[in-house]
Amino acid sequence: MTWSEFVKALSEEETEKEGEGLLRATSPLPLAEELKNYASVETATQLVRSIGGDIENHDLKKSTEARGFFADEHFFDVFGFELEEGSEASALTAPRSMVIGKAVAERLFKGGDAIGQSIQFKERGLDGIAVDFGISLGKEAEDWGQYIITGIIDQSKYPTHIKFDALISS
């Protein structure tokens, strides 16, 4: 699935949900670009929900569920998250880059070096909030291809409502 196909599908999904009374901390997708036209705005970022599926390390034959967002290269400029490994300045600049949580890195790489490693991501439409029922409630997996791990973040250090296991470059 391409970025533009994902955004189109997301827009259609949001339209269908109108009137259901869901409260979300959201804004229209074009807002970040428009805000950059104001002198008082230093930078803006886009965070598009949500990804939810399986990250697979074929070399070690390991797999784990991950939920998160598409994020642009300005994510770390706007939010106060710092990477444990990798560079905030470049982690989300290249296509097919992925920042993963420290817990995901430990499950997939068992303490080994994750930066620069290639992983496979299979989207299953998992809800953004993880609830373990002991069975998979996601849809059939759609293979989104290979990504390169460019950063590791320890989310436990940040008290925030922005919960994620992975960020994918947009």
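Can you name the residue in the stretch 104-128 that is open to solvent by less than 40 Å² (accessible area, probe 1.4 Å) and part of a strand (DSSP E or B) and is also modelled with the lowest pLDDT among such residues? The qualifying residue modelled with the lowest pLDDT is Glu123.
Tally time: how many residues in the stretch 92-102 are touching a Ser or Thr at 6+ places or on another chain (Cβ under 8 Å) and within 26 Å of Lys61 (Cβ to Cβ)?
Applying the first criterion (touching a Ser or Thr at 6+ places or on another chain (Cβ under 8 Å)) to the stretch 92-102 yields 92-99, 102.
Retained after the next criterion (residues that are within 26 Å of Lys61 (Cβ to Cβ)): 96-99, 102.
Summing the residues that are touching a Ser or Thr at 6+ places or on another chain (Cβ under 8 Å) and within 26 Å of Lys61 (Cβ to Cβ) in the stretch 92-102 gives 5.
Of all residues in the stretch 55-84 being under 21 Å from Arg107 (Cα atoms) and of a type in the set (Gly, Ala, Ser), which is farthest from the chain's Cα centre (by Cα)? By that ranking, first place goes to Ser63.
The values are calculated or read from the model by the stated rules, or taken from the named source; none is laboratory data. Predicted, not measured: the structure shown is a model, and the values here were computed from it. Because the Cβ atoms are built from the backbone with ideal geometry, glycine has one as well, and the counts that use them run over all protein chains shown. The area values use the complete protein model at the heavy-atom level, side chains included, leaving out ligands, DNA and RNA. Shrake-Rupley method; radii C 1.70, N 1.55, O 1.52, S 1.80 Å.
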